[in-house]
1. One residue is enough: does region A:212-221 have a residue meeting the conditions of a type in the set (A, V, I, L, M) and touching a helix residue (DSSP H, G or I) at 6+ places or on another chain (Cβ under 7 Å)?
2. Can you pull out the residues in region A:163-189 that are under 13 Å from A:Ser214 (Cβ atoms) and open to solvent by 40 Å² or more (accessible area, probe 1.4 Å)?
3. Restricting attention to region A:54-85, report how many residues are assigned to a helix (DSSP H, G or I) and not polar (S, T, N, Q).
4. Just wondering, is there one or more residues in region A:69-84 that are among the hydrophobic types (A, V, I, L, M, F, W, C), at pLDDT below 95 and open to solvent by 70 Å² or more (accessible area, probe 1.4 Å)?
5. Grab the strands (runs of 3 or more DSSP E) fully contained in region A:88-159, keeping just those with 3 or more residues being closer than 14 Å to A:Thr228 by Cα.
6. Kindly establish whether A:Gly23 is within 14 Å of DNA strand C (Cβ to nearest atom) and either open to solvent by less than 20 Å² (accessible area, probe 1.4 Å) or under 21 Å from A:Leu126 (Cα atoms) (or both).
7. May I ask you to list the residues in region A:102-161 that are within 16 Å of DNA strand B (Cβ to nearest atom) and either in contact with a strand residue (DSSP E or B) (Cβ under 6 Å, 6 or more places away or on another chain) or open to solvent by less than 70 Å² (accessible area, probe 1.4 Å) (or both)?
8. Suppose the filter is within 18 Å of A:Thr148 (Cβ to Cβ), open to solvent by less than 30 Å² (accessible area, probe 1.4 Å) and either without any contact (Cβ under 8 Å) to a residue 12 or more places away in the chain or not in a helix (DSSP H, G or I) (or both); does A:Gly224 pass it?
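The values are calculated or read from the model by the stated rules, or taken from the named source; none is laboratory data. As the structure is a computational prediction, the values presented were derived from the model and not from experiment. Neighbour counts are summed over all protein chains in view; Cβ atoms, including those assigned to glycine, are modelled from backbone coordinates with ideal geometry. With ligands, DNA and RNA removed, areas are computed over all heavy atoms of the protein, side chains included. Shrake-Rupley method; radii C 1.70, N 1.55, O 1.52, S 1.80 Å.
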Amino acid sequence: MLHVDMDQFLVAVELLRRPELVGLPVVVGGRGDPTERAVVSTASYEARAHGVRSGLALKLAKRRSPDAVFLPVDFPVYEAASAVVMQTLRATPGAVVEVLGWDEAFVGIETDDPLAAARSIQAAVLEATGLHCSVGIGDTLVRAKIATDFGKPQGTFRLTRDNWMEVMGERPTTALWGVGTKIGARLEAIGIRTVADLAAADEEALVAAFGPASGSHLGRLGRGGGRTTPDDTPWVARAHGRETTYQADLITPDEVRAALAELAARVVDDVRKEERAVQRVHLKVRFAPFFTFTKVRKLPEPTFDVEVITQTAYDLYLALDDQRRVRLLGVRGEMVPPDGGY
DNA sequence: TCTGGGGTCCTAGGACCC
DNA sequence: TCTGGGGTCCTAGGACCC
């Protein structure tokens, strides 16, 4: 099992057409203007040395790396590069490819020499795209995925049952794929701090704390277990959403209603392209200062009328406005197909 | 200190049914 | 008036990932 992950993907693609920027701190994010409200999508290794990371506000990135070159996000170009990468992976004889995102995929392959297979894939991707990648080798998807980070950049690393505990045992649980700060804190509250702690944790205690699916998943994760083969079933979206970050907070009811109508129109437009019948729309409305999607509403079905969606979301906004100090930052409409999720 | 835009999957609790 | 056990489905919300 291999996990292939492109190195500083968005930046690397930009450097192909702007070779004069190689070696400089480069930040890709938003419209490329660090005075605007937007975040870093990808930072070059030189910018990362200044503490610039994905998700950091562009304003703060500028402060940390004043000399960095800021570039706008150019989706079509990255999509095209991604397609060539995935095509190259699929062209590997005997490979089963499970795409995880623009810039990464699992590659299942039968071989006695996984390291050679990894090197061969790196060479093929470089040849086809001019881009470098790192490859994790593992006996499970989770181990391969986590191994990749130790191989960056342009390298390989292998994590198996034999060295998992040695490499991961003393690390915090948040080093695991799928454990973020919230779950990490809840684990710590029940005395589980490290990966080794989690691996040794009582299954029943985990299930009691996190529920049947998550509880047993967490225990397995601590041991590096789980699936051992990728699934190349073509991906079918289960939801669609549209979200926008406004450069200034929307305060007045008129501003909010207009923004909601615009987003609703975009979601409806997207849903109409679905071949499957769609019967539910969830609305999530994001507010500051909570910075979270705070409400979900199921619409009367099957309703894909812009005005109905807009009015429902607007009612939501008015209800939350009662709490005072609510600033609208973004709105997201979500559609869920009848057979999807939950 | 400020906060993308696209997603996925899971859970608690209540309603309802037999 | 008090109270069963098992199951399914729905709603609202949470967490995480790239």
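1. For region A:212-221, residues of a type in the set (A, V, I, L, M) and touching a helix residue (DSSP H, G or I) at 6+ places or on another chain (Cβ under 7 Å): present.
2. A:Gly178, A:Lys182, A:Ile183, A:Arg186
3. The total comes to 17.
4. Yes.
5. A:96-101, A:104-108, A:133-138
6. no
7. Result: A:Asp103, A:Glu104, A:Ala105, A:Phe106, A:Leu141, A:Val142, A:Lys145.
8. On the way: within 18 Å of A:Thr148 (Cβ to Cβ): yes; open to solvent by less than 30 Å² (accessible area, probe 1.4 Å): yes; either without any contact (Cβ under 8 Å) to a residue 12 or more places away in the chain or not in a helix (DSSP H, G or I) (or both): yes.
Yes: the conditions hold for A:Gly224.
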